[in-house]
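Before any comments, here is the structure.
The values are calculated or read from the model by the stated rules, or taken from the named source; none is laboratory data. What you are looking at is a predicted structure, and each value in this text was computed from that prediction instead of being measured. Note: ideal-geometry Cβ built from the backbone for every residue, glycine included; neighbour counts use all protein chains shown. Keep in mind that these areas ignore ligands, DNA and RNA; they rest on the heavy atoms of the full protein, side chains included. Shrake-Rupley method; radii C 1.70, N 1.55, O 1.52, S 1.80 Å.
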Amino acid sequence: QKGGHDSFMAKEIHEQATAVADTLRGRIESGKLHLDEMSIDPSVLRSVDKIIVVACGTAANAGNVAKYAIEHWCRIPTEVELAHEFRYRDPIVTEKTLVVAISQSGETMDTLMAMRHAQEQGAKVVAICNTHGSTIPREADAALYLHVGPEIAVASTKAYLGQITACYLLGLYLAQVRGNLYPDEIAALMEDLDQLPAQVQRVLDDAEQVGDLARAMADVSSVLFLGRHVGYPTALEGALKLKEIAYIHAEGFAAGELKHGPIALVEEGQPVFVIVPSPRGRDSLHSKVVSNIQEVRARGARTLVIAEDGDDDVLPYSDVVLRVPATRTLFAPLLTVIPLQIFACELAAAKGLDVDQPRNLAKSVTVE
Ligand code: F6R
């Protein structure tokens, strides 16, 4: 059942190349994006002036990646809100608001209530879900399924990659319908997206080093995660995985926020993961993150750095470098999160914990 793995979580992590391919399957055809299930009229999509993503936990982290992609490609202001906060703050929602509800289970009560609230104000809702026939996609105006297969482990992994992939498809579809990108730009983006399953597989194939690292760190009591731009939600997701299955205090920060407080936490030996953006990416982002690595290391941190192949700028300041293949900045979250998932999974296993059934947690949270 676990396909030779020690846990469902390990199995699901190793299914992620297939998961991304399954989410993409049949949706890209000769450079054009086909989302037959987008049953919201294109004229409605063209009138959208704001997007609000509502979700919880890992699904909200996927939404935070989506925000960067959708705003960049579609130029639509996009907010991401934890569903339970959204519902109770009298949010501004109109018929021109598009709500994107992301939920693996499709049954998360907080997300369902948020989406119903938005529909009552006239907004259209697109659900991004994995579980067919569940409540959220049934009640939504359109449903985009992940097709990644059932996720058994409580900690979400392959659904996270599927959610991010589905968000990219939604963003590119909106850009296509609204004419924000030229057809050849969309084709080039989709060509690169199509490379992702093979690149995910490469990260999985190279993961032995991460397992060794996790086993050597089984007694740590606190781990920090830093990222910038799309590396920020990746940092949050890395921290969430470690909290939920390894019961280790973990926090993710926007790297630029360091000097505004969190750097005070850094003392001798503090492990800090840093997700480094591509050196070919946007302007000065890369050098800023490299400076952040330098800053925490100067205060005694043990720096565990996730960087693109060939990025040697990180070497002088890294205790450990974990490599990922080069891709577009916006697509990197599908690769950089994998070492963090494996780290949490291996560390929890090394502590002898029940990786698939962490204490106090349920796979689907059907109460508010
Ligand atoms: C984390 C995790 C939870 C869920 C959250 C939302 O690994 O599994 O944070 O992501 O409870 O669940 P869904 O996606 O089913 O709405």
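Out of the residues in segment 139-157 that are within 21 Å of P197 (Cβ to Cβ) and small (G, A, S), state the one that is farthest from the ligand (Cβ to nearest atom). Across segment 139-157, the extreme among qualifying residues is G149. When segment 306-332 is filtered for residues that are under 18 Å from F253 (Cβ atoms) and in contact with a Phe, Trp or Tyr (Cβ under 8 Å, 6 or more places away or on another chain), only I306 remains. Residue count for segment 7-40, restricted to those that are aromatic (F, W, Y) and exposed (fewer than 13 other Cβ atoms within 10 Å of the Cβ): 0. Looking at the structure I just gave you, is E71 away from the ligand (no atom under 16 Å from the Cβ), within 25 Å of A235 (Cβ to Cβ) and either open to solvent by 10 Å² or more (accessible area, probe 1.4 Å) or touching a helix residue (DSSP H, G or I) at 6+ places or on another chain (Cβ under 8 Å) (or both)? When the stated conditions are applied, E71 passes them. Only one entry of Q199, Q195 meets the criterion of being open to solvent by 70 Å² or more (accessible area, probe 1.4 Å) and assigned to a helix (DSSP H, G or I), and that entry is Q195. Selection of segment 231-274 for residues being of a type in the set (A, V, I, L, M), closer than 26 Å to P316 by Cβ and open to solvent by 10 Å² or more (accessible area, probe 1.4 Å) yields A254, I263, A264, L265, V266.
Look at D313 and say whether it is farther than 30 Å from L353 by Cβ and without any contact (Cβ under 8 Å) to a residue 24 or more places away in the chain.
No.
For segment 57-78, a residue qualifies if it is more than 9 Å from C167 (Cα to Cα), in a helix (DSSP H, G or I) and β-branched (V, I, T), and exactly one does: T58. Annotation note: of E244, E237, the sole residue that is under 14 Å from the mean Cα position of the chain (by Cα) and assigned to a helix (DSSP H, G or I) is E237. Within segment 261-294, if we keep just the residues that are hydrophobic (A, V, I, L, M, F, W, C) and in a loop (DSSP other than H, G, I, E, B), the residue that is farthest from the chain's Cα centre (by Cα) turns out to be V266.
For segment 98-128, the tally of residues that are surrounded by 24 or more Cβ atoms within 10 Å (Cβ to Cβ), more than 8 Å from the ligand (Cβ to nearest atom) and part of a strand (DSSP E or B) stands at 8.
Number of residues in segment 156-205 that are small (G, A, S) and under 20 Å from G231 (Cα atoms): the value is 5.
Residues of segment 176-192 that are closer than 18 Å to S30 by Cβ, without any contact (Cβ under 8 Å) to a residue 60 or more places away in the chain and part of a loop (DSSP other than H, G, I, E, B): Y182 alone. The set of residues in segment 328-347 that are buried (at least 24 other Cβ atoms within 10 Å of the Cβ) and part of a loop (DSSP other than H, G, I, E, B) contains only A332. Look through segment 329-366, keep the residues that are at pLDDT below 95 and basic (K, R), and return whichever of them is farthest from the ligand (Cβ to nearest atom). Within segment 329-366, the match that is farthest from the ligand (Cβ to nearest atom) is R359. Evaluation of T303 against the conditions (1) farther than 17 Å from G252 by Cα; (2) surrounded by fewer than 24 Cβ atoms within 10 Å (Cβ to Cβ); (3) of a type outside the set (K, R) shows that the sole unmet condition is (1).
How many residues does segment 76-86 contain that are open to solvent by 50 Å² or more (accessible area, probe 1.4 Å), away from the ligand (no atom under 13 Å from the Cβ) and in contact with a strand residue (DSSP E or B) (Cβ under 8 Å, 6 or more places away or on another chain)? Residues flagged as open to solvent by 50 Å² or more (accessible area, probe 1.4 Å), away from the ligand (no atom under 13 Å from the Cβ) and in contact with a strand residue (DSSP E or B) (Cβ under 8 Å, 6 or more places away or on another chain) within segment 76-86 amount to 2. Contact list please: Cβ distance under 6 Å, first residue in segment 93-115 and on the phi > 0 side of the Ramachandran plot, second residue open to solvent by 10 Å² or more (accessible area, probe 1.4 Å) and not in a helix (DSSP H, G or I), pairs at least six apart or on different chains. Pairs found: G106/T131.
How many residues are away from the ligand (no atom under 14 Å from the Cβ) and either surrounded by fewer than 17 Cβ atoms within 10 Å (Cβ to Cβ) or under 12 Å from the mean Cα position of the chain (by Cα) (or both) when one looks only at segment 41-65?
Residues meeting the conditions: 8.
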